[in-house]
Amino acid sequence: MATKPPLRPGHTAPASAQYAVVGPRGGLTGAEVTGVKGKTLPPTEKPGQSYVIADRTKNDAGKGR
């Protein structure tokens, strides 16, 4: 199974989730940010860093009842 490429700052978040900050070579930095689906991801602290989904939001939004 192929992994998805990291998301760059300023791109639209594909899902509401906690996003881990990864360095230029793919290592975790230990920092996380909350991203909301449809909103842009914030700038990172250092150039070359990006985001990967660490933990998706667990709610029933959009499922209808």
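Filter the stretch 13-34 for residues that are exposed (fewer than 12 other Cβ atoms within 10 Å of the Cβ) and touching a residue at least 24 places away in the same chain (Cβ under 8 Å) and give the result. Scanning the stretch 13-34 gives a single hit, Pro24. When Lys46, Lys37 are checked against the criterion of being of a type in the set (Lys, Arg) and either surrounded by fewer than 11 Cβ atoms within 10 Å (Cβ to Cβ) or at pLDDT 95 or above (or both), a single residue qualifies: Lys46.
Taken over the stretch 35-58, the criterion of being without any contact (Cβ under 8 Å) to a residue 40 or more places away in the chain and among the polar types (S, T, N, Q) is satisfied by Thr40, Thr44. Restricting the stretch 49-65 to residues that are part of a loop (DSSP other than H, G, I, E, B) and surrounded by 10 or more Cβ atoms within 10 Å (Cβ to Cβ), the residue that is modelled with the lowest pLDDT is Thr57.
Check the stretch 6-18 and report whether any residue there is in contact with a Gly (Cβ under 6 Å, 6 or more places away or on another chain), at pLDDT 90 or above and outside any strand (DSSP E or B). Checked against the condition, which is being in contact with a Gly (Cβ under 6 Å, 6 or more places away or on another chain), at pLDDT 90 or above and outside any strand (DSSP E or B), the stretch 6-18 yields at least one hit.
Looking across the stretch 20-30, the residues that are assigned to a strand (DSSP E or B) and modelled with pLDDT under 95 come down to Leu28, Thr29, Gly30.
The values are calculated or read from the model by the stated rules, or taken from the named source; none is laboratory data. What you see is a predicted model; the values in this text were computed from it and never measured. Cβ atoms come from the backbone with ideal geometry, glycine included; neighbour counts cover every protein chain shown.
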